[in-house]
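Below is one structure, written out as structure tokens, with a few remarks after it.
The values are calculated or read from the model by the stated rules, or taken from the named source; none is laboratory data. All values reported here derive from a predicted model rather than from experimental measurement. Neighbour counts run over all protein chains shown; Cβ positions are idealised from the backbone, glycine included. Side chains are part of the model used for accessible areas, which takes the heavy atoms of the whole protein and leaves out ligands, DNA and RNA. Shrake-Rupley method; radii C 1.70, N 1.55, O 1.52, S 1.80 Å.
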Amino acid sequence: MTTKKLFLRVQFWRFTLFLGFLFVALAASGQDEERPRRGSRIIDDTTRQVYGPKTSRYYYEEDVRLNKQTYHFIDTAIRGFYRYTYLQRNDNLYQDLGNIGTSMHPIYYQTPANIGVSSGFTQFDLIWDTEKVRYFDTKSPYSNMWVMLGGGGRSMTKASYSRNINPRWNIGFDYRGLFIDKQIQRQGKGDRQVRGVYYDLYTAYQSKDSTYRLFANFQRNRHQMDENGGIVHADNTEYGDYFQTNVRTYLTNAASTEVRINLHVFHQYEIGKALQVYHVFDRFRQGNVFSDVPDSFTRQYYDYELSESDTVDDRSKFKTVRNELGLKGNLAKLFYNGYYAIRDYSQTYNFDNSYNRSGAEHYLGGRMALRLDSIGELSGWVEVLQTGNYRIEGQLKSRWFEASVKQMQYEPSNILQGYRGTHDEWSNRSFSDVNVTEFSGFVHYNSRVFSFSPGLTFTRLGNYAYFRKTPDPTAVEQLVTPYQSSTGQAWVAPEVRLQLTMLRHVYLRGRAIYTSILKDDTEDANYGAIQVPELFVNGELSYENIFFNGNLDMQAGVNVHWHSAYRAMGYDVATQQFYVQNSLKIGDNNSGIVPSFPLVEVFFATRIKRGRIFLKYHNLIQTITKQGYMPTPYYRGQGSILDFGFDWSFYD
């Protein structure tokens with residue numbers, strides 16, 4: 001380790017420890033200020049403690065920026081509490097590599113968050129985006145502990161703490177740990193496939209007259225995943241063979257590691273309801289490492305090797321610094337916002353400096369929203385970049401219907417435009433910007449026993465850039481590379497969501513999506529850029545009731561997810577990119593299609609006062625058929641397993 005790296009690491013830990021000691025000192029001083037209250041409780045005339053979920057509220061900075069601050073009470077509901085995985089919390093709209101915390105990719109196309117430069121390493125985006133910082137307004141110290149103890153050595157832990165130093169100043173932190181054992185060739189307890197640690201520190205402050213407000217947070221996530229390369233197979237391997245207990249994986253020493261760090265500050269000064277000035281600062285860093293120590297067997301797994309070496313150490317680093325200055329305010333029912341932002345960026349690779357990039361982006365944008373409490377909200381957002389890229393978004397929301405429109409042009413990610421590692425190299429600086437048009441609309445009907453929301457989404461893409469495995473059957477080297485379509489794609493996806501209440505306590509909930517590809521310019525209809533299941537279904541049937549004067553709340557039932565067979569995206573280990581494929585072979589079927597499979601689980605969840613508990617049995621069907629599901633080609637999904645979890649909140 002170089003002296004510079006050692007110095008930076010020492011300084012980082014000094015800074016972290018300083019923040020920790022400062023936090024403890026502030027919390028202690030806050031406790032001291034409350035001593036005249038004789039403890040951290042409020043006592044009413046019946047000597048009953050009244051601190052609880054209604055005395056601790058949280059809100060999001062985004063709502064403050066949009067002048068619609070909304071307070072949320074602590075979630076104590078048990079409905080859906082058992083759906084703890086990243087995939088289930090996002091309605092199964094992602095695919096992974098079969099274990100919690102492994103690389104993930106959306107099944108359906110999603111517009112990017114930024115119209116400018118991006119790294120392209122998105123496999124852990126869902127893990128990072130899930131950790132959204134909440135700011136609290138508490139009457140007493142609030143803390144929460146959430147623990148999941150899953151079968152097969154899969155565990156997750158979350159801890160949160162927040163308190164008000166005084167009525168105008170709040171501080172807090174969050175911690176989340178992922179400790180997930182291998183589910184294939186596990187050598188024993190603690191034989192991890194995924195190790196992840198996330199934490200954040202945050203504070204919110206406002207002046208006595210609330211004219212000045214400050215929000216600041218620091219987030220860090222380190223995520224490491226052992227890459228196994230999928231299950232060893234032959235051309236004639238049958239589907240059931242992938243679920244045998246003695247299967248092997250291709251890689252034993254490969255791993256991908258990602259570290260994301262973000263320092264964020266937002267502060268505003270209110271001149272009046274009609275005018276506020278604000279500034280936003282973000283310093284973001286994303287580092288990615290792929291490492292391996294190949295042997296004679298694992299070396300054959302890779303389709304290309306630029307430089308033969310005993311070790312693989314591919315590194316990339318993406319950094320941005322963004323400053324935004326803006327004006328905003330309310331004119332009666334109309335909200336307005338205008339801003340200018342400059343975003344400095346750099347992308348570096350350790351192999352070849354010629355693929356590095358750096359520069360500055362200049363954004364000009366504005367938002368407007370007409371908020372009519374009795375009818376709904378009509379909002380719009382326009383943003384342009386000096387390169388010509390832009391976004392235009394509009395949204396209409398009401399109790400009876402909602403609609404949205406997006407028109408965007410954005411730059412392909414850095415890894416699509418140029419990359420060099422041990423096993424891959426390409427340069428696509430000539431790639432054009434991608435443009436997308438998306439329309440979405442839903443109608444809502446709600447009654448005491450029945451809710452029904454039909455709608456559809458139409459999407460059109462132009463110059464779409466993505467990874468694909470070459471359709472050339474004679475190719476033997478560098479099979480997965482970036483590709484940009486020449487004309488475009490278009491598809492429509494009707495959707496329906498419903499909830500039916502029967503016998504007062506029996507609930508049926510469901511969601512179904514049907515997708516029809518209207519246009520795809522690729523030369524082979526079976527190898528289009530957009531590969532999604534024709535039919536996608538989520539369903540839940542449950543019994544829910546509350547007993548003992550509200551002290552015991554329970555939900556029990558069955559949850560089902562199913563989608564039709566389709567060509568699921570493949571996964572390239574060396575670059576951690578998902579790609580379009582049609583080469584999956586299962587027995588006599590060599591069309592690339594992953595079979596459909598009903599994923600069924602039974603669950604029980606209950607709330608007893610301030611604690612929530614769930615118990616569920618995942619993948620019931622595999623217990624019967626001895627065959628499971630395959631979320632990604634050559635990667636089998638989680639088998640039948642029992643999971644247990646709980647959380648408990650404290651308000652003093």
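Worth a mention:
- Some residue of the range 267-285 being modelled with pLDDT of 95 or more, closer than 21 Å to Y355 by Cα and touching a strand residue (DSSP E or B) at 6+ places or on another chain (Cβ under 9 Å): yes
- Among residues of the range 362-375 that are farther than 21 Å from N323 by Cα, those with a beta-carbon under 6 Å from a residue that is open to solvent by 70 Å² or more (accessible area, probe 1.4 Å) and aliphatic (A, V, I, L, M) at least six positions away or on a different chain give the pairs L370/L378.
- In the range 288-302, the residues that are under 19 Å from E477 (Cβ atoms) reach residues that are among the β-branched types (V, I, T) with C-beta atoms within less than 7 angstrom, at least six apart or across chains, in these pairs: F290/V312; D292/V312; P294/V312; T298/T252.
- Members of the range 175-198 found to be surrounded by fewer than 14 Cβ atoms within 10 Å (Cβ to Cβ) and in contact with a Gly (Cβ under 6 Å, 6 or more places away or on another chain), listed by number: K189
- Within the range 419-446, being part of a strand (DSSP E or B), of a type in the set (F, W, Y) and surrounded by 15 or more Cβ atoms within 10 Å (Cβ to Cβ) holds for Y419, F439, F442.
- Any hit, the range 447-461, residues being within 30 Å of S316 (Cα to Cα), surrounded by fewer than 17 Cβ atoms within 10 Å (Cβ to Cβ) and in contact with a strand residue (DSSP E or B) (Cβ under 9 Å, 6 or more places away or on another chain): no
- Note on the range 558-578: residues that are within 17 Å of Y527 (Cα to Cα) and either touching a Cys at 6+ places or on another chain (Cβ under 9 Å) or crowded, with 21+ Cβ neighbours inside 10 Å (or both) total 6.
- Some residue of the range 404-418 being open to solvent by 20 Å² or more (accessible area, probe 1.4 Å), part of a loop (DSSP other than H, G, I, E, B) and in contact with an Asp or Glu (Cβ under 8 Å, 6 or more places away or on another chain): yes
- Test result for E258, at pLDDT 95 or above and touching a His at 6+ places or on another chain (Cβ under 6 Å): yes
- Selection from the range 621-642 of residues that are surrounded by fewer than 23 Cβ atoms within 10 Å (Cβ to Cβ), in contact (Cβ under 8 Å) with a residue 24 or more places away in the chain and not in a loop (DSSP other than H, G, I, E, B): I621, Q622, I641, L642
- Residue count, the range 148-174 (criterion: farther than 18 Å from L201 by Cβ, part of a strand (DSSP E or B), open to solvent by 20 Å² or more (accessible area, probe 1.4 Å) and not polar (S, T, N, Q)): 1
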